[in-house]
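To start, the structure under review is shown below, and the notes come after it.
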Amino acid sequence: MKLQNATLLITGANRGVGKAYVEEALARGAAKIYAAARDPETLGPVVALDPERVVPIRLDITDAAQIADAARTANDVTLLINNAGVLSFGGALDVAQSAIDRDMAVNHNGLRDMTRAFAPVIEVNGGGAVVNMLSLLSFLAAPGFSAYNASKAAAWSMAMSLRAYLRPRGVLVVNAFPGGIDTEMLAGIEGPKDTAQAVASAVLDGLEAGEEDVYPATAADVYAGWRADQKGLEAAFAAMM
């Protein structure tokens with residue numbers, strides 16, 4: 001799928017990777033971008049990038065009514081980018097149930113419900129794609145992020161199930177597996193991080209090339225290591241406690 005003349009909806013578009021996606025899509029000739037966030041007032045700098053093509057939209061992806069409203073409003077979408085996400089801290093033996101529920105509600109349920117709502121829209125508009133921002137932690141585990149790990153693993157499984165249903169309907173499902181990204185989500189966490197721009201650019205390159213799975217920026221090296229020695233990399237991540 002090409003970005004030229006496409007109409008997008010990007011969740012969590014007010015900062016970080018979401019904002020980088022808006023910038024990249026504009027540069028690649030997107031016709032319209034619905035920039036979604038829970039608080040539309042935070043979208044001012046994003047809309048300012050191109051007020052003619054960027055449309056702010058209120059959207060909490062855990063709210064069924066808001067999702068339905070978004071699908072009615074953005075009824076010309078051909079590309080959905082499920083970018084919104086949350087990360088709770090806590091190990092598997094002590095993480096609060098509320099943290100598990102929060103991460104699952106956004107990272108898994110939100111992805112599922114947004115795709116369910118927009119797949120018919122994309123299909124009616126002639127086909128297109130859904131991009132899911134997953135994580136290397138969909139199949140690796142950073143022990144201190146146990147709720148996040150579990151939610152991303154569940155989201156990956158759901159995304160593959162959705163892909164099976166959507167491929168025959170002309171909707172490509174692209175799963176992106178980034179590593180650490182230098183955004184507010186990982187502020188204060190030490191370790192190598194890619195820029196939001198590098199990740200967004202690599203994922204959209206993969207989309208335009210027709211790839212179903214994308215390991216952007218330095219995630220490609222980690223994935224190669226995982227394929228070569230899964231248990232070794234699991235042990236290395238476990239040592240990060």
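The values are calculated or read from the model by the stated rules, or taken from the named source; none is laboratory data. Being a predicted model, the structure only gives us computed values, none of them experimental. Every residue, glycine among them, receives a Cβ derived from its backbone with ideal geometry; neighbour counts consider all protein chains shown.
The figures follow:
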| read-out | value |
| --- | --- |
| Candidates Ala236, Ala220, Ala154, Ala150 - the one that is surrounded by 12 or more Cβ atoms within 10 Å (Cβ to Cβ), within 15 Å of the chain's Cα centre (by Cα) and small (Gly, Ala, Ser) | Ala154 |
| Condition met for Arg163 (farther than 18 Å from Gly12 by Cβ and either touching a residue at least 24 places away in the same chain (Cβ under 8 Å) or buried (at least 21 other Cβ atoms within 10 Å of the Cβ) (or both)) | yes |
| In the range 95-147, the residues that are outside any helix (DSSP H, G or I) and more than 19 Å from the chain's Cα centre (by Cα) | Val95, Ala96, Asn125, Gly126, Gly127, Pro143, Gly144 |
| Residue among Val214, Val203, Val173 that alone is touching a Lys or Arg at 6+ places or on another chain (Cβ under 6 Å), among the hydrophobic types (A, V, I, L, M, F, W, C) and touching a residue at least 12 places away in the same chain (Cβ under 8 Å) | Val173 |
| Any hit, the range 163-170, residues being modelled with pLDDT of 95 or more, within 25 Å of Val124 (Cα to Cα) and not in a helix (DSSP H, G or I) | yes |
| The range 178-212, subset crowded, with 16+ Cβ neighbours inside 10 Å and outside any helix (DSSP H, G or I), residue nearest to the chain's Cα centre (by Cα) | Pro178 |
| 3 or more residues within 17 Å of the chain's Cα centre (by Cα) and surrounded by 23 or more Cβ atoms within 10 Å (Cβ to Cβ): qualifying helices (runs of 4 or more DSSP H) within the range 1-94 | 16-27 |
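The rows are residues; the columns are (1) in contact with a Leu (Cβ under 9 Å, 6 or more places away or on another chain); (2) under 28 Å from Ala235 (Cβ atoms); (3) among the hydroxyl-bearing types (Ser, Thr, Tyr).
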{"site": "Asp76", "(1), (2), (3)": "no, no, no"}
{"site": "Leu79", "(1), (2), (3)": "yes, no, no"}
{"site": "Gly90", "(1), (2), (3)": "no, yes, no"}
{"site": "Asp94", "(1), (2), (3)": "no, yes, no"}
{"site": "Met104", "(1), (2), (3)": "no, yes, no"}
{"site": "Arg116", "(1), (2), (3)": "yes, no, no"}
{"site": "Pro120", "(1), (2), (3)": "no, no, no"}
{"site": "Glu123", "(1), (2), (3)": "yes, no, no"}
{"site": "Ala141", "(1), (2), (3)": "no, yes, no"}
